[in-house]
Every structure is written in C-alpha cells, then in structure tokens.
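Rule-based calculations on the coordinates, nothing more; no lab input. In this text, all values refer to a predicted model and were calculated from it rather than measured experimentally. Methodologically, a virtual Cβ is constructed for each residue, glycine included, from the backbone with ideal geometry; neighbour enumeration extends over all protein chains shown.
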Amino acid sequence: MNVDTQTKAKLREMGAAELVRSLEAQDDSVCMGMAFADRLQAAVDEAYSQFVTDKVSGLTKRAKLRYPEADIRKLELVEERKLNRVLVAELASCGFMERCDNLVLMGFSGTGKTYFACALGKEACRQRMRTLYIRVPDLEELRRAQVEKEGSDTKLVRKLANYQVLILDEWLLTKPEGDFRNFLLEVMERRYKEGSTMFGTQYQRKDWYARLGSDVTAEAIMDRIVHNATWMEVGDINMRERLSGRKDG
C-alpha cells in the first residue's frame with residue numbers, strides 16, 4: 001500500500017513506525033479485493049507482532065543472560081535429573097514472578113542451575129518483564145566500583161530494586177562480608193514483595209545462615225528471601241561434562 005509522505009511522518013511521530021512498514025509491505029495486487037478495514041487490521045496485526053518481537057528482543061539483550069538462547073522447553077535429561085515436570089511447567093508460566101515470589105535453584109557446579117535460571121529469565125522477557133542476570137561476584141565488584149566513584153551504593157540499590165525479575169547466580173559461592181552484606185540486605189528489603197528474585201546456589205537452606213555471617217544481618221537477609229521462595233534441586237548430573245562429552249563424540 002502506498003502511504004503519502006505526510007501521513008508516514010505523522011504515524012512515525014506517534015510512534016507507529018512499525019505500522020508504516022506494515023502498510024508499505026502490503027502487496028496491492030494481493031489485497032485489492034479486501035475491504036479497507038480488513039487491510040488495516042492485517043497491517044495492525046503484522047505491526048503489533050513485530051512490535052512484540054522487538055520488545056522481547058530488547059528486554060532479552062538488556063537482561064544480560066549468561067545463556068540468552070536458553071529455552072525452558074529444551075531442558076535435557078529431565079527424568080534422569082529427577083526434575084518435577086509439573087513444577088517446571090508451573091515455573092515456566094512465570095506465575096511466581098507475577099506474585100513477586102522467589103526461586104532458589106540448588107545443585108553442585110555444572111548441574112545446570114544457570115541454564116535453568118536463564119531459561120526462566122527468557123520466559124520473563126517474553127512476558128515483557130524487566131529482567132537482569134548477574135553473578136554475585138560481579139555484583140560485588142560493580143558495587144565496589146560505584147562506591148569508589150560516587151561514595152555510595154544507593155543508585156545501584158535503586159536500580160536493582162526496580163527490576164521485576166532479578167537473577168543472582170553463584171549466590172553464597174564466597175561468604176559476603178562487611179558493607180556488601182548490608183548492601184544485600186538493602187536490596188532484599190527493597191525487593192521484598194515488589195519483585196521476584198532467583199538464586200542459583202550450591203548451598204542448601206540450612207547452610208545459608210552460616211554463609212551469611214551467623215548474626216542478625218544474616219537473619220534479616222534470609223527473612224526477606226526464604227518465606228516466599230520455592231526451593232528446587234536441579235539434580236546431581238554434571239550437565240557441563242555430559243554435553244561436552246556429546247560434542248567430543
């Protein structure tokens with residue numbers, strides 16, 4: 001469909017550039033017998049589909065997922081890893097994220113915690129939720145750099161609090177100390193019932209108190225996480241080793 005320059009400019013000014021492209025892509029010879037309303041609806045449907053695709057793509061890129069190609073529908077060895085299919089399907093629906101509940105994925109190194117978390121993060125992006133993946137060691141470095149530059153971590157706390165879904169990988173891999181523990185407490189306080197946080201960790205719940213410092217700060221951090229969290233074991237099969245062996249074979 002030919003669209004005059006002035007109309008195109010108006011549509012773009014209104015933020016409807018996708019609709020302009022969709023209208024221009026219509027083949028007049030194919031659409032000649034269609035009513036105007038039908039042609040417009042087809043153009044709007046096509047434009048909306050592209051809008052959603054671009055939106056999801058942008059959210060996924062900004063989420064900085066370790067595995068942006070991760071797909072919850074392509075989890076491997078579900079039976080061998082003794083994963084609960086009903087729970088996996090429930091988590092994939094993103095309902096726990098909408099309720100601002102948390103998820104703790106537990107397992108030894110290489111068992112697929114990160115892939116699982118990224119697959120759920122990808123689903124969150126498809127639901128158009130603002131998502132961020134970050135390793136806790138990297139978060140500690142990021143906080144340190146901001147404090148050195150600005151004298152405060154307040155801006156970073158606010159930024160993390162605003163994500164609908166936050167994925168903290170390698171949680172408690174090293175024991176958080178000093179001001180970083182206070183920072184984690186402030187982040188958890190801001191996110192409590194305001195956002196959903198996923199944790200990838202090698203440690204069971206019984207070990208958290210000691211890893212967090214065995215004091216009132218440790219209690220406070222846990223109190224804002226554990227009571228509205230789903231806890232899931234991802235199995236004891238080393239998926240990194242298994243998949244590497246498959247490629248080598």
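Between residue 100 and any residue 5 or more places off or on another chain, the built amide H atoms are never under 5 Å apart. Under 5 Å from the amide H of residue 231 lie the amide H atoms of 104, each residue being 5 or more positions distant or on a separate chain, with H modelled from the backbone and absent for Pro and chain starts. Taking the centroid of alpha carbons for each part, the range 35-100 and the range 164-197 are 25 Å apart. Working note: Karplus 6.51/-1.76/1.60 with θ = phi - 60° gives the range 175-186 the couplings 6, x, 10, x, 5, 5, 5, 5, 4, 4, 4, 5 Hz, where Gly and Pro are set to x. Remark: 221, 237, 167 ranked as 237, 221, 167, counting other beta-carbon atoms within 10 Å and listing the fewest first.
Summing +1 for each Lys or Arg and -1 for each Asp or Glu among the other residues whose beta-carbon sits under 13 angstrom from that of residue 232 gives +2.
Of the residues 133, 163, 48, the one that moves most in a GNM of the chain with alpha-carbon contacts below 10 Å is 48.
With the biggest extent put first, the Cα atoms of the range 147-204 measure 35, 25, 15 Å across the principal axes. The fewest-to-most ranking of 243, 168 by surrounding Cβ atoms within 10 Å reads 243, 168. Sorted from greatest to least, the principal axis extents spanned by the alpha carbons of the range 150-249 come out as 52, 28, 27 Å.
On full extension, the segment bounded by residue 173 and residue 25 gains 48.0 nm, given 0.36 nm per residue less the C-alpha separation.
Cα extents for the chain along the principal axes, largest to smallest and rounded to whole angstrom: 73, 51, 34. 3J(HN,Hα) couplings calculated from phi for the range 220-236 with the Karplus curve 6.51 cos²θ - 1.76 cosθ + 1.60 (θ = phi - 60°) are, in sequence order, 5, 5, 4, 4, 8, 10, 6, 6, 10, 10, 9, 10, 9, 7, 9, x, 10 Hz; Gly and Pro show x. Amide H contacts under 5 Å for residue 198: 103, 166, 167, 168, restricted to partners 5 or more places along the chain or on a different chain, H placed in the peptide plane at 1.01 Å from N. In terms of the mean number of neighbouring beta-carbon atoms within 10 Å, the peptides 194-205, 85-96, 135-146 order highest first as 194-205, 135-146, 85-96. For residue 74 and residue 240, a Förster radius of 22 Å and the Cβ-Cβ distance give a FRET efficiency of 0.85, rounded to the nearest 0.05.
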